[in-house]
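Take a look at the structure set out below.
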């Protein structure tokens, strides 16, 4: 814990930690909004299954969004993409 606190005081780690809200925390909030606040299953294997289904659903949603964005960029003339 002492090493972590010392590392967090460096500018490099501070800038990396700022990215957390754009990546991990956003995913966690979105997952909670889609119903993963309280699990309706019991047992580690079932909990892992539910968590994996949420992860797969998130990845599919992001993939669709990125695919749409790429299609929009391809449809624009080259001058407007800059």
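Each value in this text was obtained by applying a stated rule to the coordinates, not by laboratory testing. Small disclaimer: the values here were computed from a predicted structure and weren't measured. Backbone-built Cβ (ideal geometry, glycine too); neighbour counts: all protein chains shown.
For this structure, a couple of remarks:
- Residue count for the range 1-33, restricted to those that are closer than 27 Å to residue 55 by Cβ and assigned to a helix (DSSP H, G or I): 20
- Residue list for the range 11-33, filter: in contact with a helix residue (DSSP H, G or I) (Cβ under 9 Å, 6 or more places away or on another chain) and surrounded by 12 or more Cβ atoms within 10 Å (Cβ to Cβ): 13, 27, 30, 31
- The range 34-52: number of residues that are assigned to a helix (DSSP H, G or I) and loosely packed, with under 10 Cβ neighbours inside 10 Å: 2
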